[in-house]
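Read the structure below first, then the notes.
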């Protein structure tokens, strides 16, 4: 049987030399979560917010550290970073986190890949060692990174999450797509942006959803602030 | 490409991924293959007369409406079909392409987006992913490693090869 053996041998050599720098599916997911966090920050800035970064001890930082798996917002195992987002003096401060647990309306904790929440709530959680309540979160983004098509299970899990997070605006974002997932999420009227990767139109739509979350928050406290 | 050639390529690709420690890519592909290819079929319900002991009776029979047929389906049903060999190989190649091409771009864009700001105090210098307590998961590589000329060269070479292979497979 003739196969493009030379091509495959060459591919083996390049892969062995390190053409793929990722060692697990979770590392790939981390990269996607980081990317969506950066979209939240970029959108906040576009909406005239001032943004800076702090670690769990409240120290301003420029070298960011994120979690490799969902963890506790108050964890001091590493100097994990969150962003402080300020929309003018009359609007309560917000914080953006990557991969933290949030307490849903049922009292059960859920993993939130990227979450934006009230800064006072986050501070209290750090002081007493608790997970933030979902009603204090203004935005949660479920980030799904897959090398192949999106499994339906990812969407089912998201529907359950949305249910328990109540009024929090939640977005399902994935780098890839699947007709099944698209249909399922549309049926349940859940916000979705599939194939959301750099340069795609979906990124523009995603940022528009993020902006809406900021707008709703700011309008409640300072309607004169321009977003 | 003939079935035998596709089988040989799939086997070889799988062996390569295992030998270079990229089983996670293989597992991801196998999960997707196991769930099958989601398809929708149009069906038409026809009335058919059938002879029984008590005489003729009408019964409903569902038939597939072939794609391209002028008949309009009465119902759309969802089902799964197994991937054929060509689709399986294409899946493997595309998964590799994402791991090599898409992921580093995500990290570059993340850094670019966080680094570029008018607020000098808020400029991001580096981004790292570290395991929390009770976790041993390693994160993505450092961006500086991805931006090494050698790493860029390796990725470019691998992406070129994958493109040629994909063309061969789809011939």
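The values are calculated or read from the model by the stated rules, or taken from the named source; none is laboratory data. Fair warning: this is a prediction, and the values are worked out from it, not measured in the lab. Glycine also receives a Cβ, built like all others from the backbone with ideal geometry; neighbour counts cover every protein chain displayed.
Which members of the range B:67-89 meet the condition of being exposed (fewer than 10 other Cβ atoms within 10 Å of the Cβ), without any contact (Cβ under 8 Å) to a residue 12 or more places away in the chain and closer than 30 Å to residue B:169 by Cα?
The answer is B:68, and nothing else.
For (1) in a strand (DSSP E or B); (2) under 27 Å from the mean Cα position of the chain (by Cα), each residue gets a yes or a no:
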{"site": "B:5", "(1), (2)": "no, yes"}
{"site": "B:39", "(1), (2)": "yes, yes"}
{"site": "B:46", "(1), (2)": "yes, no"}
{"site": "B:71", "(1), (2)": "no, no"}
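Could you tell me which of the residues A:131, A:119 is in contact (Cβ under 8 Å) with a residue 24 or more places away in the chain, closer than 27 Å to residue A:221 by Cα, surrounded by fewer than 21 Cβ atoms within 10 Å (Cβ to Cβ) and within 14 Å of chain B (Cβ to nearest Cβ)?
The conditions single out A:131.
How many residues are touching a helix residue (DSSP H, G or I) at 6+ places or on another chain (Cβ under 8 Å) and either within 14 Å of chain B (Cβ to nearest Cβ) or without any contact (Cβ under 8 Å) to a residue 40 or more places away in the chain (or both) when one looks only at the range A:68-96?
Going through the range A:68-96 one residue at a time, the tally reaches 11.
Given (1) surrounded by fewer than 17 Cβ atoms within 10 Å (Cβ to Cβ); (2) at pLDDT below 95, identify the lone condition not met by residue B:11.
(2)
Which numbered condition trips up residue B:108, out of (1) at the interface with another protein chain (Cβ under 7 Å from one of its Cβ atoms); (2) under 21 Å from residue A:144 (Cβ atoms)?
Failing condition for residue B:108: (1).
Does the range A:142-166 hold any residues that are part of a strand (DSSP E or B), within 14 Å of chain B (Cβ to nearest Cβ) and farther than 24 Å from residue B:93 by Cβ, and which are they?
Of the residues in the range A:142-166, the ones part of a strand (DSSP E or B) are A:142-144.
Right, trim to within 14 Å of chain B (Cβ to nearest Cβ) and you get A:143-144.
A:143 - this is the single residue of the range A:142-166 that is part of a strand (DSSP E or B), within 14 Å of chain B (Cβ to nearest Cβ) and farther than 24 Å from residue B:93 by Cβ.
Could you go through the range A:198-205 and let me know if any residue there is more than 24 Å from residue A:77 (Cβ to Cβ), modelled with pLDDT under 95 and within 14 Å of chain B (Cβ to nearest Cβ).
Of the range A:198-205, the ones more than 24 Å from residue A:77 (Cβ to Cβ) are A:198-205.
This time we only want the ones that are modelled with pLDDT under 95, so: none.
Checked the range A:198-205: no residue is more than 24 Å from residue A:77 (Cβ to Cβ), modelled with pLDDT under 95 and within 14 Å of chain B (Cβ to nearest Cβ).
For (1) within 14 Å of another protein chain (Cβ to nearest Cβ); (2) modelled with pLDDT of 90 or more; (3) assigned to a strand (DSSP E or B); (4) in contact with a strand residue (DSSP E or B) (Cβ under 6 Å, 6 or more places away or on another chain), each residue gets a yes or a no:
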| site | (1), (2), (3), (4) |
| --- | --- |
| B:24 | yes, yes, no, no |
| B:28 | yes, yes, no, no |
| B:32 | yes, yes, no, no |
| B:42 | no, yes, yes, yes |
| B:50 | no, no, yes, yes |
| B:56 | no, yes, yes, yes |
| B:67 | no, no, no, no |
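Would a scan of the range B:90-113 turn up a residue that is out of contact with any strand residue (DSSP E or B) (no Cβ under 6 Å at 6 or more places or on another chain) and more than 30 Å from residue A:21 (Cβ to Cβ)?
Checking the range B:90-113: not a single residue is out of contact with any strand residue (DSSP E or B) (no Cβ under 6 Å at 6 or more places or on another chain) and more than 30 Å from residue A:21 (Cβ to Cβ).
Taking into account only those residues within the range B:111-142 that are buried (at least 18 other Cβ atoms within 10 Å of the Cβ) and farther than 21 Å from residue B:26 by Cα, which is farthest from the other protein chains (Cβ to nearest Cβ)?
So, considering only residues that are buried (at least 18 other Cβ atoms within 10 Å of the Cβ) and farther than 21 Å from residue B:26 by Cα, the one farthest from the other protein chains (Cβ to nearest Cβ) is B:111.
So residue A:130 clears everything in (1) over 22 Å from residue A:37 (Cβ atoms); (2) outside any loop (DSSP other than H, G, I, E, B) except one condition, right? Which one?
Among (1) over 22 Å from residue A:37 (Cβ atoms); (2) outside any loop (DSSP other than H, G, I, E, B), residue A:130 violates only (2).
Could you grab me the full set of residues in the range A:46-58 that are within 7 Å of chain B (Cβ to nearest Cβ) and crowded, with 18+ Cβ neighbours inside 10 Å?
A:51, A:53
Within the bounds of the range A:97-106, is there any residue that is free of Cβ contacts under 8 Å to residues at least 12 places away in the same chain and surrounded by fewer than 19 Cβ atoms within 10 Å (Cβ to Cβ)?
No, the conditions are met nowhere in the range A:97-106.
Could you check, for the range A:201-222, whether at least one of its residues is touching a residue at least 40 places away in the same chain (Cβ under 8 Å), more than 28 Å from residue B:96 (Cβ to Cβ) and not in a helix (DSSP H, G or I)?
Taking every residue of the range A:201-222 in turn, at least one turns out to be touching a residue at least 40 places away in the same chain (Cβ under 8 Å), more than 28 Å from residue B:96 (Cβ to Cβ) and not in a helix (DSSP H, G or I).
State which residue is nearest to residue A:28 (Cα to Cα) when the search covers only the range A:176-192 and only residues that are facing chain B (nearest Cβ under 10 Å) and not in a helix (DSSP H, G or I).
Looking at the filtered set, the residue picked out is A:176.
Sort through A:19, A:31 and tell me the only one that's at the interface with another protein chain (Cβ under 7 Å from one of its Cβ atoms) and assigned to a loop (DSSP other than H, G, I, E, B).
Answer to the selection: A:19.
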